[in-house]
Amino acid sequence: MKVKYNAANTGDLLKHSWLIEVTEFLSKQLPSDPFKYADTFCGFKEYEIEDFFKERLINQYQQAKLYEVQKEYLGRNRYLGSAGIFRKLLVDRVQIDIFDANPDAIKSFSGEDVTILPLKSGYDVLETDIVYDLIFLDPYDDFWEVYEGVIKKIGMKIKNSSVLLFVPFKEQNPYRELIETIKRAGIRYINGVAEIRNPEMDGKWNAAMFFFPANEISAEHLIVIDNKLKGATNLI
């Protein structure tokens, strides 16, 4: 059973707010040209947005950076996906590599300046030799079937690449065990959670974000992004 999805749901508000903050932070800390980004559960370039979610974003989040990014799309009853958000933030300073198991999602990027990675799974990017400034993983609930192996791979990949991970979870999912797995691996991380308040519209899955900084990111700089991510989470 897959997670119910409506564009601009609580999970989107959290994950995309974090994506904006982390992208702005890393682009300043690592001013590489181009900024190399991988989005291997990329979904569609943009989505139709239902009135409930559109109005909530307009009425409750006008002070949020996410609203400013989405504003022109909301006028067309659309919501921009993660790869599009990333490009809008850094414009031409980017190299975007994508993958999605859904071929229709990949087709939605037709004509865009992106590279489609020849992967079998979105997690496979963690085993490539490619160095990225940021890898964004946005898996479905099947993450819980493989999470221990994914965390192990993240622990290896942060030697040269930062990783941003979205995790949907319910009470029956081993969320505490996930945290313990990360701690046992000795991986630095920042974590934030948004609990669902309107399950009828947002679905029954809570949302969690994890930022795993590349080893080259200093502890002092992590304090800065930690504060920004806490602020973004508190707005949800």
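Between Glu24 and Ala101, the modelled label-to-label distance comes to 3.4 nm, taking each label 7 Å out from Cα in the direction of the beta carbon.
Between amide H atoms placed 1.01 Å from N, distances below 5 Å from Asp141 occur with Val3, all of them 5 or more places distant or on a separate chain. Solvent-accessible surface of the chain, averaged per residue with a 1.4 angstrom probe and all protein chains in place: 49 square angstrom.
The portion of the accessible surface of the chain made up by carbon and sulfur, rounded to a whole percent, is 48 (1.4 Å probe; DNA, RNA and ligands excluded). Simple spin-label estimate for Ser218 and Lys120 gives 4.3 nm between the two label positions (7 Å along the Cα-to-Cβ direction from each Cα). If the segment from Ile58 to Lys230 were pulled out straight at 0.36 nm per residue, it would be longer than the present Cα-Cα gap by 59.8 nm. A simple spin-label model places pseudo-atoms 7 Å from Cα toward Cβ; at Asp92 and Tyr67 they are separated by 3.2 nm. Using 18 Å as the Cα-Cα cut-off, could you pick out the over-long pairs in Lys170/Lys204; Lys15/Lys88; Lys157/Lys230; Lys65/Lys204; Lys120/Lys153? Violating the 18 Å Cα-Cα cut-off are Lys157/Lys230; Lys65/Lys204. Taking every alpha-carbon pair within the chain, the share separated by more than 31 Å comes to 15 percent. For the chain, a Gaussian network of Cα nodes joined below 10 Å ranks Phe25, Phe52, Phe166 by mean-square fluctuation, and the top entry is Phe52. Estimated translational diffusion coefficient (Stokes-Einstein, Kirkwood radius over Cα pairs, 25 °C, 0.890 mPa s) of segment 194-236: 199 µm² per second.
Using the Cα coordinates of segment 1-137, the gyration tensor eigenvalues translate into equivalent-ellipsoid semi-axes of 24, 18, 13 Å, sorted from longest to shortest.
Using the 2.2 N^0.38 Å rule of thumb for compact globular proteins, work out how segment 45-101 stacks up: its C-alpha Rg over that value, please.
1.21
For segment 85-210, the Cα gyration tensor yields ellipsoid semi-axes of 25, 20, 14 Å (square root of five times each eigenvalue, largest first, whole Å).
The values are calculated or read from the model by the stated rules, or taken from the named source; none is laboratory data. Here the structure is a predicted model, which means the values were calculated and not measured. A quick note on method: Cβ atoms are made from the backbone with ideal geometry, for glycine too, and the neighbour counts reach across all protein chains shown. What goes into the accessible areas is simple: the full protein's heavy atoms, side chains included, and nothing from ligands, DNA or RNA. Shrake-Rupley method; radii C 1.70, N 1.55, O 1.52, S 1.80 Å.
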